[in-house]
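The values are calculated or read from the model by the stated rules, or taken from the named source; none is laboratory data. Not measured: the values here are computed from a predicted model. Counting neighbours? That spans all protein chains shown, and the Cβs are built from the backbone with ideal geometry, glycine included.
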Amino acid sequence: MIPVFTPSIGEEELRNVKEAVESNWVSSKGKFIEEFEKKFADYCGCRYGIAVSNGTAALHLALACLGIGKGDEVIIPNFTMISTALAVCYTGAKPVFVDCQEDTGNIDVEKINEKINLRTKAILPVHIYGHPCDMDEINEIAKNNGLFVVEDAAEAHGAEYKQRKCGSLSDIGCFSFYANKLITTGEGGMLVTNSERIAERARYLKNIAFGKESRFFHDEIGFNYRMTNVQAAIGLGQMEKIDSFLKKKIENAQLYNSLLRNIPGIILPVERDYVKNSYWMYGIRFDERFGITKEEIKKILYEKGIDTRDFFTGMNEQPVFKRMGLQIGEEFPVSVKWALSGLYLPSGLNLKEEDIKYICWALKEIQNKGRDFNG
Ligand SMILES: *Cc1c(COP(=O)(O)O)cnc(C)c1O
């Protein structure tokens, strides 16, 4: 089976982990944490990095640092992984969903203004599958309305918008280091920011808000969102290879693009000319010209030893949010279409050229059969 993703973990990580374990610093103190924070923040072009236990925690901590809570609203894309919405809910604020753009799948900036009211505190765009959002437009809307912007960059390590890295384009950038992200620490996440005040606040709140003067006197409800030194040891090993990982993702995408370009019914991922798409996952969409349903395509690919995944299901379709009565009856035609028509193909770091050729051949064959079948 060709898997959708396999992380690449090796000697560098083992060496660091061995050192971390042998040093006995296995919780959240130890030299690897700071080094990893510094390396990753540098990589993003940001002054501060604050390591946390996962990407969902990073998003929650970011919103908490900005003072977002009960009675507030945060604008997010309807087409995303649920973590984006959960983070807003954890603060007590309400997530407000906005439909996505037809070509990139990112939040439709044209539809943000109509969702802004006096309760709105922030916009939380997601660089979906590694394609950067329209950050100039988003930052402009935020500026005009006095809103914060936090990027969910969990899928966009290394992606660039007008030559600047995702995560560095707003008040706070949030990353995940889950096993299928560009780099991994097993579980893990990070906030990056250029604001010393936010960085300080994030460090304070992530560490159960230990008292500044007197350690065991707590002024606020903090969280334990600490990353361990062992996780950071893995992360630092991964940082030695992040450039080659990104290069591999882009090469995978270029080969897929060239082989799938002329198949009717397949819509390829885009890369606007002022961005660098990191192609976290190589996702394609099917339209009716393909001649066979996505469910069948998935099944046949699986029988041929090719694993795939559906695109995310929109937030408006989540039972939990329906029960909460969020935007009931509102339509999100573009994200619904994206969810129904999208599939991502194997995008691993160890994927071979032959694998990609085989996958593209399989898709062509399925398409030919579908066309014959439909006369
Ligand atoms: C992976 C991901 C997250 C959450 O990361 P975890 O580390 O799994 O908590 C958040 N947002 C998006 C868009 C993601 O893809």
Go through region 183-218 and report how many residues are free of Cβ contacts under 8 Å to residues at least 60 places away in the same chain and surrounded by fewer than 11 Cβ atoms within 10 Å (Cβ to Cβ).
7
Give me the pairs, please: first residue somewhere in region 73-85 and over 12 Å from V150 (Cα atoms), second residue anywhere and among the polar types (S, T, N, Q) and part of a strand (DSSP E or B), beta-carbon distance under 6 Å, and either six or more positions apart or on two chains.
E73/T120
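Suppose we keep only residues that are touching a strand residue (DSSP E or B) at 6+ places or on another chain (Cβ under 9 Å) and assigned to a helix (DSSP H, G or I) within region 329-339. Which one would you say is nearest to I267 (Cα to Cα)?
For region 329-339, the residue satisfying everything is W338.
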Only one residue in F245, F175 is touching a Leu at 6+ places or on another chain (Cβ under 6 Å) and under 26 Å from V17 (Cα atoms), so which one is that?
F245
Of these, G92, G105, G45, G69, which one is at pLDDT 95 or above and buried (at least 21 other Cβ atoms within 10 Å of the Cβ)?
G105
If we keep just the residues of region 265-283 that are within 16 Å of the ligand (Cβ to nearest atom) and in a strand (DSSP E or B), which is nearest to F312 (Cα to Cα)?
G283
Whichever residue in region 173-191 is part of a strand (DSSP E or B) and under 13 Å from G158 (Cβ atoms) and, among such residues, is farthest from the ligand (Cβ to nearest atom):
G173
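Here is a yes/no grid of residues against (1) modelled with pLDDT of 95 or more; (2) buried (at least 19 other Cβ atoms within 10 Å of the Cβ); (3) farther than 28 Å from R289 by Cα; (4) not assigned by TED's automatic domain parsing to the domain that holds G105:
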residue	(1), (2), (3), (4)
N316	yes, yes, no, yes
M324	yes, no, yes, yes
F332	yes, yes, no, yes
L345	yes, yes, no, yes
K357	yes, no, no, yes
Counting only residues that are over 13 Å from Q231 (Cα atoms) and in contact (Cβ under 8 Å) with a residue 60 or more places away in the chain, region 24-36 contains a total of 0
Among the residues of region 300-328, write down those that are touching a residue at least 40 places away in the same chain (Cβ under 8 Å) and in a strand (DSSP E or B).
I306, R309
Tell me, which residue of region 147-160 that is within 16 Å of the ligand (Cβ to nearest atom) and more than 17 Å from I242 (Cα to Cα) is surrounded by the fewest Cβ atoms within 10 Å (Cβ to Cβ)?
V149
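Listed residues I138, I82, I50; which is within 15 Å of the ligand (Cβ to nearest atom) and either more than 20 Å from the chain's Cα centre (by Cα) or under 30 Å from I284 (Cα atoms) (or both)?
Values: I138 fails: within 15 Å of the ligand (Cβ to nearest atom); I50 fails: either more than 20 Å from the chain's Cα centre (by Cα) or under 30 Å from I284 (Cα atoms) (or both).
So the residue among I138, I82, I50 that is within 15 Å of the ligand (Cβ to nearest atom) and either more than 20 Å from the chain's Cα centre (by Cα) or under 30 Å from I284 (Cα atoms) (or both) is I82.
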Out of the residues in region 161-172 that are polar (S, T, N, Q) and farther than 18 Å from V88 by Cβ, which is farthest from the ligand (Cβ to nearest atom)?
Q163
Condition check for R215: farther than 28 Å from R15 by Cα and not in a loop (DSSP other than H, G, I, E, B)
no
